[in-house]
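S.K.: Sharing a structure with you now.
The values are calculated or read from the model by the stated rules, or taken from the named source; none is laboratory data. Because the structure is predicted, anything quoted here is derived from the model rather than measured. FYI the Cβ positions are ideal-geometry reconstructions off the backbone, even for glycines, and counts take in every protein chain you see. The protein model used for the area step is the full one, side chains on, heavy atoms only, and it has no ligands, DNA or RNA in it. Shrake-Rupley method; radii C 1.70, N 1.55, O 1.52, S 1.80 Å.
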Amino acid sequence: MSIRVLPPELEAIRGRLPELVAGLEARAPYAAILATSTSALQVSVNNREQQVSEGPRSQGAVVTAWNGAYLQERAVGSLALDALATATHTLAQELELQPGPAPEPGAPRDEHLAMPAQVDPASRTARDKLDLCRRYHQAVRGLDPHIVNAAISYSEVAEAKVFANRTRLLSQTVYRIRFQVALFVSDGQKVQRDWLSRDGTGGLEIAQASDEELHALAEEAVALLRAGRIEPGFYDLVFDPSVSGVMAHEAFGHGVETDMFVKGRAKAAEYLGKRVGSPLVNLLDDPTVPGAYGSYRFDDEGQIAAPTTILREGVFVQGLTDLFSALKLGIPRTANGRRQGYDRKAYARMSNTFFAPGTTPVDELIGSVERGVYLRKTSSGMEDPKGWGVQVEAHIGEEIVNGRRTGRLFSPVGITGYVPDILASVSAVGNDLALDGGTCGKGWKEWVPVASGGPHLRLKARLG
Amino acid sequence: MRDRLLRALERACGVDDWRLRHVTLSSTQYYLARREPENRRSARSERLELEVYNDHPAAAGGAMSRGSASVTLLPGEEAAADERVGQAVFMASLADNPPFGLPGPAVYPQVLTADRMLEIDPAGVARELAEQLAAAVDREPGVSLASAEFFVDREEVTFENSRGAHGQAAFTSLLVDLVLLARDDEGHETESHVEVRRRALEEVDLPGLVHRQAQFARDGLRAGEPGTGRFPVLITDDALRQVFGTETFSPLALRSGARFKFQGLTPWEIGASVYDGAEPTGDPLTVYANAVLPWGLASAPFDDDGVPATRLLIIEHGVLRHFWAPQRYAEYLKLPPTGAFGNLEVLPGSMAVADMWQGLGPLYHIVAFSSMMPDPVTGNFVGEIRLGYERRGNELRPVKGGSVSGNLFTDLAAARFSRETVMLGDYLGPQAVRFRELTVSGK
C-alpha cells in the first residue's frame, strides 16, 4: 500500500502556493516555495524506564528568490497563508536584483508522490508501538547474565512537503522508521555495548528482528568485553556493508557534493572523467531506492528524484548538485538539494550512497584473506573533501587467519587513509548489498537523513 | 496560544503535573562562497513545548507509576489545544515509571546568556563580520577564502510548571563557519575548516581566528604522515573540545550523570577514582559542572524542569564527589537535584603550555581531529589527525593522516594540564592537555 495523504495543514495551502510564487516573480527572475510539516513519535523501553512521547515537530515554509547572482530567502515557522504572503511580500521588497542567468523551473508537473508502506504507522496506536518495544525487551533482557541493561527504541518521523515554482506543484509524504535493540553488558569491572538497528522509509514492517539475530547480538556483546585494541598498521581487510557504506559516503560522497566545487573545497573537481579507484568500484547516489532510509520522491528544490552514477568502473563521472552549484558550474542538476529544515538553506547533499554489488560470494571473499581483519558495524565517520583523507570508525574488528574468522575481537577500530589509495586497493567486491540509515552533517551541522551501504569489500587500509 | 493551552490543561482529566516552555527563535544567516554571497536569509519560529505527567497503576504489578509525554503546539494550532493535551495524557498513561516530582518556585541566578550587540542589529553584525573577514584574509599570504557562514541567533524561553515555578531567559549565539584555502607554488592546495559558536560578539576574535586557521592551512601544505607507536600526545585548540566532548555529548558529563547511574551504565561511585583502575600519576583532575558560566553555550538560569542553575563540583583530584542530577533522577537515587550539567569546567594544572614538550622525545601535538567522539560507556576513542605537529626538541614538523587512539578515562590518570586556560563556548579549562602515551598509527 502507499501512504498518500497530505496533512490537512499542507493540503489547505497546496493550491495557493503558485500564486505566491507568481507574485514574487513579478520582481524576481525565479522564485519557489517549500512548505513542510514534520511530526514524530519516539518510544523506548529499557530495564529501568519507559517513554512514549512526541518527537521534534515543526511546520513552516521557506520562500526563495534568485536575484540574478545569489539566493535570498525568508523562512517562517507557520503555514498560515497570511504569514506566507507577508514573507513573500517582504522578500520581494528586500531583493537586491542583479543581472545574471536565471534557474530553469523544469518541465511542468503537478502531482502528489507517495512512498509505499506495508503497515501504515498511522494505522497503529502509540500503545501498539510500546507493546512492540516491550516484547523485544522481554525477549532480550535475560539472554545472558552479563546484560545490565537492554534498551529498545522505536521512532517514526512523518515528513510531508509541498514544493511550488512557476511550473511545478509537487507534494510528498514519507515515513522514516528507526528501530534499535541495544545491549549493555558488564563483567563487573567494565561495561560494553552492542546494538542491532533496522531503518528505512515505509511502515512498521521495518521494526523487527529474528530470535537468531537477538541471540547473536547478545553473544557478540558479551564477547566484546574481551575485545582488545588493534595493533596499528596496514592490514588486509574485509568490510561488511555497513563499513563499506560509510567509506562510500565519507571517502567519496561528500567530495562530489558540487557546492564544494564552487567553493574550491573539493579535490574531486580535478578528477572529472579520470580514474580514482579500482575498475571493480562503482558508486551511486540514489534517492529512489525502495525502502531506504534516505529515500524521497523530489528534493527540497523541486528536482524529481533519480539515481546518479558517481563512479563507473573506478572513473569519476558525475557529482551531486544543488540548484546554486548547478547554476554556477553550468552542469546538469541532480536531485540532491536538501535542507535540514525549512529554516536552513539547501546544500548539495547525499541521499542513499552505496557501492554497487559485484560477483564474489561473501564466504569466498573472507576465505581468500590469509591474515587480516573483518570489520563490522560503523560507529562514525568524517569526510575531508579537499585533502581526500578519510576516517571511519568500526565498532568491531575480527581477526581472519587462513580464510577463517577466529573470534578474536578488537573494538573500536579506526580506519584511515588516502581515498584514491583505499579505492585502488579494492580487490574483490561481494555479491551482496545492504544499506544502513543514519544522519549526515555538512561539516558539523545541517543534519539530514541518509543511507549508505554496499556489498562486502576486500581491500587494504591502515588501522589504528 | 499559551492561555488556550493552560485552559485545556485545567479541563483535561489525567493531568497530574505539567511543564510548559514557550520558545521563540529568530535567526539571521549570511553565506559566502569564495567572496561572493551565496545566500542571505532570515528565519523566525515559535512553539509551545508541553510535557504532561500522568500517575496510574503500572500494567505489571499495579504499583503507582508516573509517565510523561511531550507535545508541541505551533502557531495556528490554538483550536487543537484540548486534543493535543489529550494526546499527551494518553501517551503518558502508557509508560510505567517510578513516581517523581517537579521542582517548585525558586530564585534563579542571573546568568550572562544574551548579548545586546547581537540582539540590536543581527544583519548588520553579519555584514560587518564578513567585511572583517575579508580584511583579515587579505593580510594572510598564500591563503584565500573558500567559504564562510554567519548565523546570528536569538532565542527567548519562558518556562512555567504546575508546581508554580516560573522563569524567563534570553539567549543569543553567533556561529562562524570558516574555510580557508592555502596554495603553494606548485598548485597544491589544502584547507582549514573551523566552526566557532559563542554567545557574545566579544567572545569571537575573528582576525585572530583567521590568523590561526591561515597558519594551519599553510602548515597543511607541507604536512607529512605521523609515525607509528606509543608517544606522548599534546592536545590543544579544537582537538581539545573534541576529546572532552561538546555541550550535548561529553563522556565526563554522561558518566557522572544520575541518569546513567540509574540505568546501570556507569561504574563510577561517589568517593572512588574515575580513572577506571589506572594509577593516577599526572595532574589531579578536578571538574565542575558549570551551568552559570558567563557566556557559556550550555549556561541557563534554570534547566528544563525548573531546577536553578549552579556550579557543582563533580570530580576532585580524580575522585567522584557528586553525580549531577535532574529532578527525576535525583529523586530516584535520593540525591539533591542539581539541574542540567551545563558547561564542562576543568581546573588548570601548573605547567606552562610552552614547557609541555620540553625534554620529551618525539611528541605529537594535535590541533584538529577529523572526528573524535570518545565512547561514553567504554571511554575508548580513535580519531584521524586532521592537523598536528611532530615535535622533536626544537624541530617542528606538521603532520596529518593516521590516527590517535586511547581510553579517555584511563589515559586522563597520567595527563598533565596547562596552567593557561581557554574558553571554547561550553568548555572552560586548560588550554593544553598532555597525555603521557597514546597509540599513534601512521606510516
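S.K.: Is it true that B:Gly62 is surrounded by fewer than 16 Cβ atoms within 10 Å (Cβ to Cβ), among the small types (Gly, Ala, Ser) and either assigned by TED's automatic domain parsing to the domain that holds B:Glu10 or over 29 Å from B:Ser27 (Cβ atoms) (or both)?
M.R.: It is true that B:Gly62 is surrounded by fewer than 16 Cβ atoms within 10 Å (Cβ to Cβ), among the small types (Gly, Ala, Ser) and either assigned by TED's automatic domain parsing to the domain that holds B:Glu10 or over 29 Å from B:Ser27 (Cβ atoms) (or both).
S.K.: A further question follows. Name the one entry in B:Val125, B:Val152, B:Val137, B:Val85 that is part of a helix (DSSP H, G or I), open to solvent by less than 10 Å² (accessible area, probe 1.4 Å), more than 9 Å from chain A (Cβ to nearest Cβ) and farther than 28 Å from B:Asp305 by Cβ.
M.R.: The match here is B:Val137.
S.K.: Just checking, does region A:232-252 include any residue being of a type in the set (Val, Ile, Thr) and assigned to a strand (DSSP E or B)?
M.R.: yes
S.K.: Restricting region B:101-113 to residues that are touching a strand residue (DSSP E or B) at 6+ places or on another chain (Cβ under 6 Å) and open to solvent by less than 30 Å² (accessible area, probe 1.4 Å), which is nearest to the other protein chains (Cβ to nearest Cβ)?
M.R.: The extreme case among them is B:Leu102.
S.K.: Can I ask one more? Listed residues B:Ala134, B:Ala146, B:Ala170, B:Ala106; which is of a type outside the set (S, T, N, Q) and touching a Phe, Trp or Tyr at 6+ places or on another chain (Cβ under 8 Å)?
M.R.: Within the list B:Ala134, B:Ala146, B:Ala170, B:Ala106, the selection yields B:Ala106.
S.K.: As an exercise: evaluate A:Gln42 against (1) open to solvent by less than 10 Å² (accessible area, probe 1.4 Å); (2) part of a strand (DSSP E or B) and give the number of the one condition it does not meet.
M.R.: A:Gln42 satisfies all of (1) open to solvent by less than 10 Å² (accessible area, probe 1.4 Å); (2) part of a strand (DSSP E or B) except (1).
S.K.: Examine region B:173-185 for a residue that is without any contact (Cβ under 8 Å) to a residue 24 or more places away in the chain and more than 26 Å from B:Ile366 (Cα to Cα), and state whether such a residue exists.
M.R.: If we filter region B:173-185 for residues that are without any contact (Cβ under 8 Å) to a residue 24 or more places away in the chain, which is where we start, we get B:185.
After this cut, where a residue has to be more than 26 Å from B:Ile366 (Cα to Cα) as well, the list is B:185.
Checked region B:173-185: at least one residue is without any contact (Cβ under 8 Å) to a residue 24 or more places away in the chain and more than 26 Å from B:Ile366 (Cα to Cα).
One line per residue, one yes/no per condition, for (1) within 22 Å of B:Ala92 (Cβ to Cβ); (2) out of contact with any strand residue (DSSP E or B) (no Cβ under 8 Å at 6 or more places or on another chain):
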position	(1), (2)
A:Gln118	no, yes
A:Ala122	yes, no
A:Leu130	yes, no
A:Arg134	yes, no
A:Ala139	no, yes
A:Ile152	yes, no
A:Ala160	no, no
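S.K.: Still on this structure, I have one more. Restricting attention to region A:280-312, which residues are hydrophobic (A, V, I, L, M, F, W, C) and assigned to a loop (DSSP other than H, G, I, E, B)?
M.R.: Residues satisfying the conditions are A:Leu280, A:Val281, A:Val289, A:Ala292, A:Ala305, A:Ala306.
S.K.: Still on this structure: Taking A:Gln340 as meeting all but one of (1) buried (at least 23 other Cβ atoms within 10 Å of the Cβ); (2) outside any strand (DSSP E or B), write down the number of the exception.
M.R.: The single condition A:Gln340 does not satisfy is (1).
S.K.: I want to confirm something. Restricting to region B:188-221 and keeping residues that are under 20 Å from B:Arg241 (Cβ atoms), within 14 Å of chain A (Cβ to nearest Cβ) and surrounded by fewer than 21 Cβ atoms within 10 Å (Cβ to Cβ), which single residue is farthest from the chain's Cα centre (by Cα)?
M.R.: B:Val194
S.K.: For region A:7-34, give me each residue that is of a type in the set (A, V, I, L, M, F, W, C) and more than 13 Å from chain B (Cβ to nearest Cβ).
M.R.: Hits for region A:7-34 are A:Leu17, A:Leu20, A:Val21, A:Ala22, A:Leu24, A:Ala26, A:Ala28, A:Ala31, A:Ala32, A:Ile33.
S.K.: So, of the residues in region A:367-406 that are of a type in the set (Ser, Thr, Tyr) and over 22 Å from the mean Cα position of the chain (by Cα), which turns out to be least open to solvent (accessible area, probe 1.4 Å)?
M.R.: So the first thing to find is which residues in region A:367-406 are of a type in the set (Ser, Thr, Tyr), and the list is A:368, A:374, A:378-380, A:406.
From what is left, the residues that are over 22 Å from the mean Cα position of the chain (by Cα) are A:368, A:374, A:406.
Values: A:Ser368: 61, A:Tyr374: 17, A:Thr406: 70 Å².
Looking at residues that are of a type in the set (Ser, Thr, Tyr) and over 22 Å from the mean Cα position of the chain (by Cα), I get A:Tyr374.
S.K.: Provide a single number: the residues in region B:403-443 that are over 21 Å from B:His317 (Cβ atoms), part of a loop (DSSP other than H, G, I, E, B) and open to solvent by 10 Å² or more (accessible area, probe 1.4 Å).
M.R.: 2
S.K.: Just to check your reading of the model, which residue among A:Arg168, A:Arg198, A:Arg193 is open to solvent by 10 Å² or more (accessible area, probe 1.4 Å) and closer than 30 Å to A:Pro29 by Cβ?
M.R.: Details: A:Arg198 fails: closer than 30 Å to A:Pro29 by Cβ; A:Arg193 fails: closer than 30 Å to A:Pro29 by Cβ.
Being open to solvent by 10 Å² or more (accessible area, probe 1.4 Å) and closer than 30 Å to A:Pro29 by Cβ holds for just one of A:Arg168, A:Arg198, A:Arg193, which is A:Arg168.
S.K.: For the subset of region A:437-449 comprising residues that are touching a Lys or Arg at 6+ places or on another chain (Cβ under 9 Å) and open to solvent by 10 Å² or more (accessible area, probe 1.4 Å), which member is nearest to the other protein chains (Cβ to nearest Cβ)?
M.R.: A:Lys445
S.K.: Looking at A:Asp187, A:Asp211, which one is out of contact with any Gly (no Cβ under 6 Å at 6 or more places or on another chain) and within 14 Å of chain B (Cβ to nearest Cβ)?
M.R.: Going through A:Asp187, A:Asp211 in turn, the sole match is A:Asp187.
S.K.: A follow-up question, please. Kindly establish whether B:Glu78 is in contact with a Leu (Cβ under 9 Å, 6 or more places away or on another chain) and open to solvent by 60 Å² or more (accessible area, probe 1.4 Å).
M.R.: Details: in contact with a Leu (Cβ under 9 Å, 6 or more places away or on another chain): yes; open to solvent by 60 Å² or more (accessible area, probe 1.4 Å): no.
Here the answer is no, as B:Glu78 does not meet what is asked.
S.K.: For region B:331-371, which positions are open to solvent by 10 Å² or more (accessible area, probe 1.4 Å), within 14 Å of another protein chain (Cβ to nearest Cβ) and under 22 Å from the mean Cα position of the chain (by Cα)?
M.R.: Within region B:331-371, B:Ala368, B:Ser371 qualify.
S.K.: If A:Ala61 meets every condition in (1) surrounded by fewer than 17 Cβ atoms within 10 Å (Cβ to Cβ); (2) more than 9 Å from chain B (Cβ to nearest Cβ) apart from one, which number is that one?
M.R.: Exception for A:Ala61: condition (1).
S.K.: Within region B:38-56, can one find any residue that is of a type outside the set (Asp, Glu), closer than 13 Å to B:Ala92 by Cα, assigned by TED's automatic domain parsing to the domain that holds B:Phe150 and surrounded by fewer than 19 Cβ atoms within 10 Å (Cβ to Cβ)?
M.R.: Scanning region B:38-56 turns up at least one residue that is of a type outside the set (Asp, Glu), closer than 13 Å to B:Ala92 by Cα, assigned by TED's automatic domain parsing to the domain that holds B:Phe150 and surrounded by fewer than 19 Cβ atoms within 10 Å (Cβ to Cβ).
S.K.: Please identify the pairs in which a residue from region B:121-136 that is closer than 14 Å to B:Thr172 by Cα has its Cβ atom under 9 Å from the Cβ atom of a residue that is aliphatic (A, V, I, L, M) and open to solvent by 10 Å² or more (accessible area, probe 1.4 Å), counting only partners at least 6 apart or on another chain.
M.R.: Taking only residues 6 or more apart or on different chains, the pairs are B:Val125/B:Met117; B:Val125/B:Leu201.
S.K.: Which one of A:Ile206, A:Ile177, A:Ile152 is surrounded by 19 or more Cβ atoms within 10 Å (Cβ to Cβ) and in contact with a His (Cβ under 9 Å, 6 or more places away or on another chain)?
M.R.: From the options A:Ile206, A:Ile177, A:Ile152, the qualifying one is A:Ile152.
S.K.: Going by what's in this entry, would A:Tyr418 be described as facing chain B (nearest Cβ under 9 Å), of a type in the set (Phe, Trp, Tyr), open to solvent by 10 Å² or more (accessible area, probe 1.4 Å) and farther than 27 Å from A:Ala305 by Cα?
M.R.: yes
S.K.: Mind listing just one residue for me: the one in region B:222-259 that is among the aromatic types (Phe, Trp, Tyr) and crowded, with 20+ Cβ neighbours inside 10 Å and, of those, nearest to B:Val287 (Cα to Cα)? Let's see the steps before the verdict.
M.R.: Looking only at region B:222-259, we keep the residues that are among the aromatic types (Phe, Trp, Tyr), and these are B:231, B:244, B:249.
Filter once more, keeping what is crowded, with 20+ Cβ neighbours inside 10 Å: B:231, B:244.
On the way: B:Phe231: 26, B:Phe244: 11 Å.
Residue satisfying both the conditions and the ranking: B:Phe244.
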